[in-house]
Amino acid sequence: MIYTVTLNPALDRTLHVESLVPGQSTRIRSEARYAGGKGIDVSRALREMGSDNVALGLVGGFDGKELEGRLLLSGVACRFTHIANETRTNIIIQDASNGAETALLARGPEVQPAELMDFLDALERSPDMDFLVVSGSLPPGLTPEVYSRMMAIGNERGAKVVLDTAGAALRQSIRARPAVIKPNRSELAELAGRPLPDVKAISEYTRGLLDLVSIVLASLGPDGIVMVTKSEVVHARPPKVPVKSTVGAGDCAVAGFVHGMALGESNLDALRRAVAAGTAATLNAGTGLCRCADIDELLPQVTFEEVGR
């Protein structure tokens, strides 16, 4: 079974407006609400691809109940730990006049130590753990040690642990030896403590991480993903597509790679699926994420280039 963890989930509200002018009243043309958060996006994308999974995390209040209900209605099984404080709400504004997308991201509720221990107990009791995907930011009250503990639980259970986070959480958690990490270009530069201006610099730095992780997926946005393992360094590029939104594209890429691994695909084929899924997400406005038909169409259009070692 695939488990995803989102410690700081959100209700995502996408608002469509004709034109957003700062300082002026703006009428909302239409809106949509989704269960959101990086791990939850991974769960939704995995479900779209046909991979059963269970979403774990922390939810609270009426917004937490709505988030859980929306996830269940989308066909994703969830086993959340309930907390006292209210789940956050993010606002994404789509401006039809210029195609601009503005995201207003809430900080999230404070989590109490007892609530954290309830969650960790539930994680340890999760049956048949084949993959554990740990994604996103930490809510107030928690420290990066929480991610390290989760990965230790996954490793003890024999699961392949996939980590997608940034900053201090990535710097500390990588020492717990996840199987896969997926930093983007800026997150990787922050981890390195220096600019990584091109694919060569990225590949040279990430090879130094392979004592701690088996696979590094360095996300380059519209330029695709560089996959670094001990046996190969490959740059996978997507085709050019009309981008409507980048929200959730990285999470869909993670889902694509995990889905490929769950199917028993090679690293290269899983990488192709990751790039296709991430690109498919950009074809949909707001937080609609990827669709299988788009992934299938994009898969044969992903190209590969070996990077010199």
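Read-outs: derived from the displayed coordinates by stated rules, not from any lab. Worth saying up front: this structure is predicted, and the values here are computed from it rather than measured. Reconstructed Cβ throughout: ideal geometry from the backbone, glycine too, with neighbour counts over all protein chains shown.
Per residue, the convex hull spanned by the Cα atoms of the stretch 90-138 measures out at 113 cubic angstrom. Restricting the calculation to Cα atoms, the stretch 1-67 yields a radius of gyration followed by a Dmax of 15.4, 49 Å.
Residues E115, E145 in ascending order of nearby Cβ atoms (within 10 Å, fewest first): E145, E115. Going from the fewest other Cβ atoms within 10 Å to the most, the residues S30, S231, S214, S203 appear in the order S231, S30, S214, S203. Each helix, a run of at least 4 DSSP H residues, gives -39500 (n - 2.57); summed and divided by the residues of the chain, these come to -10500 deg cm²/dmol at 222 nm. 3J(HN,Hα) couplings calculated from phi for the stretch 20-32 with the Karplus curve 6.51 cos²θ - 1.76 cosθ + 1.60 (θ = phi - 60°) are, in sequence order, 9, 10, x, x, 10, 5, 10, 7, 8, 6, 6, 8, 9 Hz; Gly and Pro show x.
When Rg and Dmax are taken over the Cα atoms of the stretch 97-243, they come to 17.1, 52 Å. Antiparallel as a % of all DSSP beta bridges within the chain, to the nearest 5? Once the DSSP bridges in the chain are tallied, antiparallel ones form about 40 percent.
Scalar couplings 3J(HN,Hα) for the stretch 145-162, obtained by applying the Karplus form with A = 6.51, B = -1.76, C = 1.60 to θ = phi - 60°, are 4, 5, 5, 4, 5, 4, 5, 4, 4, x, 5, 4, 7, x, 7, 7, 9, 10 Hz; x denotes Gly and Pro. For K38, K160, K244, K230, the sequence from fewest to most other C-beta atoms within 10 Å is K230, K244, K160, K38. At the listed q of 0.13, 0.26 Å⁻¹, the Debye profile of the stretch 248-308, built from one uniform point per Cα, gives log10 I(q)/I(0) equal to -0.30, -1.02. The ratio of the alpha-carbon radius of gyration of the stretch 173-267 to the globular-protein estimate 2.2 N^0.38 Å is 1.07. Farthest towards the positive end of the charge dipole of the chain, among the residues N267, A189, A255, is the Cα of A189, using unit charges on the Cβ of Lys, Arg, Asp and Glu.
Normalised by the number of residues in the chain, the average gap of Cα pairs under 8 Å and 6 or more apart makes the relative contact order 16 percent. Here volume of the Cα convex hull per residue in Å³ was computed from the coordinates, and among [x] 135; [y] 146; [z] 249 the match is [x].
Rounded to the nearest 20 debye, the dipole size of the stretch 229-309 about its Cα centre is 180 debye, using +1 on the Cβ of Lys and Arg and -1 on the Cβ of Asp and Glu. Two numbers describe the Cα atoms of the stretch 1-136: Rg and Dmax, which are 16.5, 53 Å. Report the net charge of residues surrounding E156, where surrounding means a beta-carbon distance below 12 angstrom and charges are Lys +1, Arg +1, Asp -1, Glu -1. Around E156, the surrounding residues sum to +2. Placing unit charges on the Cβ atoms only, positive for Lys and Arg and negative for Asp and Glu, gives the stretch 142-270 a dipole magnitude near 80 debye about its Cα centre. Calculate, for R171 and S266, the FRET efficiency according to 1/(1 + (r/R0)^6) with r their C-beta to C-beta distance and R0 30 Å; round to the nearest 0.05. E between R171 and S266, to the nearest 0.05, is 0.50. The relative contact order of the stretch 232-309 comes to 43 percent, based on Cα pairs under 8 Å that sit 6 or more residues apart.
In a simple Cβ point-charge model (Lys, Arg +1; Asp, Glu -1; nothing else charged), the chain has a dipole of about 320 debye relative to its Cα centre.
Computed from the C-beta positions of E110 and L212, the FRET efficiency with R₀ = 22 Å rounds to 0.10. Note: relative contact order over the stretch 74-171, using C-alpha pairs below 8 Å and six or more positions apart, is 24 percent.
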